[in-house]
């Protein structure tokens, strides 16, 4: 996943430089490229793009396959499937009656 943190202009600029056959040399310093090897450039450009697409597709597929294994991701409490719905209603009525009863006693 390190590929995601490298900016694309750096990657493709390095690929362009790798396809250069003849560099300008002035005062002992390397300048601009005068002649590119078109076949090498084509293979580097399309090969790198293809490999990055394969890596991202495999990563996305792995994420899709393994997301169903996530349980209780946010830590929320979940109701048991075996618990009866009427039991939830009874518990809610007990809580409401207790709260209303406390409010009536304060008056």
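Nothing in this text is a laboratory measurement; each read-out follows from the coordinates by a stated rule. Just so it is clear, the structure is predicted and the values come from calculations on it, not from any experiment. For neighbour counting, all protein chains shown are included, and Cβ atoms are generated from backbone atoms with ideal geometry for every residue, glycine included.
Taking label points 7 Å from Cα along the Cα-to-Cβ direction, residue 16 and residue 65 give a separation of 3.8 nm. Pairs of alpha-carbon atoms within less than 8 angstrom and 6+ residues apart define the contacts here; what relative contact order does region 2-65 have, in percent? Computed value for region 2-65: 26 percent relative contact order. Any idea what % of Cα-Cα pairs in region 2-65 are farther than 12 Å? When every Cα pair of region 2-65 is considered, 74 percent fall beyond 12 Å. Approximating the spin labels as points 7 Å out from Cα along Cα→Cβ, the residue 48-to-residue 96 distance works out to 6.6 nm.
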